[in-house]
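In what follows, a single structure is set out as structure tokens and then discussed.
The values are calculated or read from the model by the stated rules, or taken from the named source; none is laboratory data. Keep in mind the model is a prediction, meaning the values are calculated, not measured. Heads up, the Cβs are rebuilt from the backbone with ideal geometry, glycines too, and the neighbour counts pull from every protein chain shown. The protein model used for the area step is the full one, side chains on, heavy atoms only, and it has no ligands, DNA or RNA in it. Shrake-Rupley method; radii C 1.70, N 1.55, O 1.52, S 1.80 Å.
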Amino acid sequence: LLRFSSPSIKLLVDDPIVVNPGEAITLVCVTTGGEPAPSLTWVRSVGVLPNKTVLNGGTLTIPAITSEDSGTYSCIANNNVGNPAKKSTNIIVRALKKGRFWITPDPYHKDDNIQIGREVKISCQVEAIPPEELTFSWFKNGRPLRSSERMVITQTDPDVSPGTTNLDIIDLKFTDFGTYTCVASLKGGGISDISIDVNISSSTGEEELRAGLVG
């Protein structure tokens, strides 16, 4: 007697899979049930599978992955009995990009020079994937800075401004003038850090304004 049964599958991969660009990744989908034996196909939730994808039965390999290849990949098993089975995993490709900074009060946009005795806040922002791996470190003239009562280092609430760190100089002293550097890195490694230099002096902003006036 032929017994028909609908397909079942499992994925032998993590979800999500977090990888560095350039790595090869392999997704393995195995049949755990179904009569007749189901056929296995891989699909992507958005767009088509990358051109370089190698398919071998239930195994999908992407050599040298890039950010464009990230997203949700699903294995579908079908044997025309009952509903097809579907299992998915999300591929996240690490990235750090678009570093920028701003100063509050803003010496670049109005005649609001950096003054001794005032509070000055430097903010740095990057785009990080995945955001939970992002770490920042601060340096002054190349030396590591730690948060203190006079120099407060914070990370902005991601809901307000994702990927943002702040250095608050509470009461600016002449000795605080110098080059401040914020360095963004991902805990998982494999990605180059982004380093942003901010020069703090009594003339910060003036060079820009002068260049603007000449132009």
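Among the residues of region 55-69, which ones are closer than 23 Å to Pro84 by Cβ and open to solvent by 20 Å² or more (accessible area, probe 1.4 Å)?
Leu55, Asn56, Gly57, Thr59, Thr61
Considering region 150-207 alone, what residues qualify as being within 21 Å of Asn20 (Cα to Cα), in contact (Cβ under 8 Å) with a residue 60 or more places away in the chain and in contact with a helix residue (DSSP H, G or I) (Cβ under 8 Å, 6 or more places away or on another chain)?
Across region 150-207, the qualifying residues are Leu186, Gly188.
Every residue in region 189-205 that is within 30 Å of Glu133 (Cβ to Cβ), open to solvent by 40 Å² or more (accessible area, probe 1.4 Å) and assigned to a loop (DSSP other than H, G, I, E, B), please.
Gly190, Ser192, Asp193
Is it the case that some residue within region 36-59 is of a type outside the set (Phe, Trp, Tyr), touching a Phe, Trp or Tyr at 6+ places or on another chain (Cβ under 9 Å) and touching a residue at least 60 places away in the same chain (Cβ under 8 Å)?
no
Filter region 14-48 down to the residues that are farther than 20 Å from Pro84 by Cα and surrounded by 16 or more Cβ atoms within 10 Å (Cβ to Cβ), then identify the one that is farthest from the chain's Cα centre (by Cα).
Ile25
Of all residues in region 1-13, count the ones that are touching a residue at least 60 places away in the same chain (Cβ under 8 Å), part of a loop (DSSP other than H, G, I, E, B) and open to solvent by 60 Å² or more (accessible area, probe 1.4 Å).
1
So which of Thr135, Thr164, Thr175, Thr156 ends up being hydroxyl-bearing (Ser, Thr, Tyr) and open to solvent by 50 Å² or more (accessible area, probe 1.4 Å)?
Values: Thr135 fails: open to solvent by 50 Å² or more (accessible area, probe 1.4 Å); Thr164 fails: open to solvent by 50 Å² or more (accessible area, probe 1.4 Å); Thr156 fails: open to solvent by 50 Å² or more (accessible area, probe 1.4 Å).
Among Thr135, Thr164, Thr175, Thr156, only Thr175 is hydroxyl-bearing (Ser, Thr, Tyr) and open to solvent by 50 Å² or more (accessible area, probe 1.4 Å).
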